[in-house]
Structure formats: C-alpha cells, structure tokens
Amino acid sequence: MPTTKVYSSLYCDAATLANFNAWGQFISNAFSSFGWTAGTDTGQVSWPVGSVPTSYGTFEIWKSADALSSTCPITVRIDYWNNAKPWVAIEIGTGGTNGTGTLLAPHSGTYSIGANSNTATIYQTCYASGDTGSFRCLMFATSTNQSSPYFSEPFGFGINRSMSSAGVATDDYVHFLGWMSHSASTSIQQAVPNPSVGGTYAVEYNNINAPLPYTANLMAYGVIYVVPFFPIVGAPGNPSDDWLFTKLGYLADDTQVSVTMFGTPHTYVVLNNTAGNPQFVYGISTAILMRYE
C-alpha cells in the first residue's frame, strides 16, 4: 500500500505552550495526513491547546481506514502532556471505544514514552510515515548539536498489522512497537488480537526481538547488513517492513537508505542516537531504521 511521509524541525520542549502545540500537532496531523479517521469520542483535545497539560487527559482517538478495517479495526488512543519534557501515552485496541475515550477489549496496556531532556534553544528533526493502516514516527531524532540536552535522546513508536510470509498485511492481530532512548533504551512490543480470529488478551514483551549477533558485527566485505524485527505473539510472527536494525555507527543519522523487503525496495531513515547509547535490541547498542516513504 502506498505510504506518505512528513517531517518537521521542532523544539524538544513541553514547557512552552507554542512548542508543546507544535510537536503535539505534528503527531496529530500525521495521523490525519496518512488517512486515519478521527474518533468522535467526547473529551478529546482540540488543537491548539490553551495551556500545557501536566498529566493524562489531553487525548485523541484515531481509527484505521484501510481495507482490513472492516474485519479488524485499529483504534489508537494517544495522550499528550508535559512530563518535564515531551511525553505521550499510547494504547491500541481492536474493539473500539465506549465513546468517552476508553478502549474496549481487546486492547493493549498504556505505554508512556518521551524524550529524556527538554530544550527550547535548538531545533530537532521529527519524522513520520504511514498509510491508512499503519503509523511510524521518530520524534526529536536528530540535531545539529550532538551534546546533551540538545540531542535529547528521542522516542518513537509504530503501529502495524500482522503480516503474511509474503509481506502482505493480514487481519490476525495489530502490533505496537514503542521505545525511548535514555542511557539504555526502554522498549516494548504489544500484539492485540482480532477477536474474530481468536484471543481476547494482548501479548506484551519488554524487549525487541531481532536476529542480531551479540557482537552486532553486521559488515562483511564492505557490505552493511540490516536485520528485521520479529513481533512476539506467543511465538515469533512474520516481520513487517516497517523497522530494521543494524550496528550502531555504520550509517549516519539522517541517512536515507534503500532496502529490499519481501521483494520490494523501500526507503528507510537512520537513527543512531549515539548520545544515548541506544539498546534497541536487548543488550546490544544498535541503530534503528524506520520505513520512510
């Protein structure tokens, strides 16, 4: 399915109202640009907000609009607030909502992620890409100043459907990947089943699974290798083409590279975040590549 990409240079800041509105609306506008449908639940945020929220409650509901939404609808609740720095909480489900922002079963737990520092003095680049049934973002990914707090150890998340072995989206489950890169990254993956296929409970794991050697040596004869991410749904599921990993430092930040997945070439944007020593794959410092096209 064709995807759309957007980016913006923003301040990694949640204390200033203008900056809070800017990065919050970047995420909100990305969902809209990719063709997701805004929920009609009462109590949702109306952009721009008039004051910076400091806890849950400033939320939006977004619903998938792809062809599989008729058999496996995706519902996303995202809360925005100032946790002394830009912060969001995300919950996904396949059972809709109660009309006031509460997701109905089956749904994931709420996962909170955000930047590790706050600065209103230098712009940083935010990326997002997706379509009517998927969403990906890298928030505050790069900066011209690599020292803390200007390089704010970013966060990101992705939502996608289950995949067949041929790389075609299916309606078996919906998958969420979230991470934030502090001194060592915190990451999570959650799989929410389609209740008509079977299962009513989400599966959650606090690590990312990729076929990465412990030494993370992924270069041979001048060729850089990348590895896919395998969702855990009780057993490893088929990888998507949304996220890839390689050794830290092989590719420069902001580099856009072409990688063929399931027989189709795709463009990915690279994030090393060397200031945060990210361990996207458990125990190994790695670079993350997000599909960006």
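Structural remarks
- Enumeration of residues in the stretch 54-65 that are surrounded by fewer than 20 Cβ atoms within 10 Å (Cβ to Cβ) and not in a strand (DSSP E or B): 54, 55, 56, 57, 65
To keep it simple, each residue is scored yes or no on (1) within 25 Å of residue 4 (Cα to Cα); (2) surrounded by fewer than 17 Cβ atoms within 10 Å (Cβ to Cβ); (3) at pLDDT below 90; (4) touching a helix residue (DSSP H, G or I) at 6+ places or on another chain (Cβ under 7 Å).
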site	(1), (2), (3), (4)
201	no, yes, yes, no
204	no, yes, yes, no
225	no, yes, yes, no
232	no, no, yes, no
242	yes, no, no, no
253	yes, no, yes, no
262	yes, yes, no, no
269	yes, no, no, no
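- Of the residues making up the stretch 107-117, those that are outside any loop (DSSP other than H, G, I, E, B) and either of a type outside the set (A, V, I, L, M, F, W, C) or on the phi > 0 side of the Ramachandran plot (or both) number 4.
Table: residues versus (1) aromatic (Phe, Trp, Tyr); (2) assigned to a loop (DSSP other than H, G, I, E, B); (3) exposed (fewer than 15 other Cβ atoms within 10 Å of the Cβ).
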residue: 47; (1), (2), (3): yes, yes, yes
residue: 52; (1), (2), (3): no, yes, no
residue: 69; (1), (2), (3): no, no, no
residue: 72; (1), (2), (3): no, yes, no
residue: 88; (1), (2), (3): no, no, no
residue: 99; (1), (2), (3): no, yes, yes
residue: 105; (1), (2), (3): no, yes, yes
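- Filtering the stretch 31-69 to residues that are of a type in the set (S, T, N, Q), closer than 21 Å to residue 5 by Cβ and either touching a helix residue (DSSP H, G or I) at 6+ places or on another chain (Cβ under 9 Å) or in contact (Cβ under 8 Å) with a residue 12 or more places away in the chain (or both) leaves 33, 37, 64.
- Some residue of the stretch 21-32 being of a type in the set (A, V, I, L, M), outside any helix (DSSP H, G or I) and either at pLDDT 95 or above or buried (at least 20 other Cβ atoms within 10 Å of the Cβ) (or both): no
The values are calculated or read from the model by the stated rules, or taken from the named source; none is laboratory data. For clarity, every value in this text was computed on a predicted model and none was experimentally measured. All Cβ positions, even for glycine, are placed from backbone atoms using ideal geometry, and neighbour counts span all protein chains on display.
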